[in-house]
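Report on one structure; see the data block that follows.
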Amino acid sequence: MKQQSITSLPPSPDQERRARMLKYTIAMTIRVGCIFAMLFVQGWWLAIFAAGAIFLPYVAVVLANAQGSGRAGRIVSPERALPAAPTQTRGDDDADRPDSPAGGAA
């Protein structure tokens with residue numbers, strides 16, 4: 001059975017928040033670039049940059065809130081990682097004792 005290791009744990013909340021903020025900041029920087037580019041272009045380029053300025057906030061939120069980065073492996077519950085203790089029934093203990101009716105008196 002695979003043992004739990006520190007490398008198989010998910011990222012800490014601070015690291016996850018930092019990664020989401022970085023993705024959102026990059027997308028919003030591109031949006032601001034689209035807005036400024038709309039001032040200097042004409043024709044189809046204006047429509048493309050306008051679409052980028054309008055739809056990038058939605059895309060940024062979806063990307064920033066997407067769960068998982070794909071780096072962490074499968075998380076194993078600590079209870080399932082422990083080996084199960086063997087269980088004994090009462091009948092097994094009684095059969096081995098010589099003074100029991102099932103034991104040595106034959």
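The values are calculated or read from the model by the stated rules, or taken from the named source; none is laboratory data. From a predicted model like this one, the values you see are computed outputs, not experimental measurements. Neighbour counts run over all protein chains shown; Cβ positions are idealised from the backbone, glycine included. In case anyone asks, the SASA skips ligands and DNA or RNA and just uses the protein heavy atoms, side chains included. Shrake-Rupley method; radii C 1.70, N 1.55, O 1.52, S 1.80 Å.
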Problem - Tabulated pairs, region 42-57, first within 21 Å of Thr25 (Cβ to Cβ), second open to solvent by 30 Å² or more (accessible area, probe 1.4 Å) and part of a loop (DSSP other than H, G, I, E, B), C-beta under 7 angstrom, 6+ apart or interchain - result: Phe49/Val41
Problem - helices (runs of 4 or more DSSP H) enclosed by the chain - at least 1 residues per element that are more than 22 Å from the chain's Cα centre (by Cα) and either surrounded by fewer than 10 Cβ atoms within 10 Å (Cβ to Cβ) or at pLDDT 65 or above (or both) - result: 13-38, 44-65, 90-96
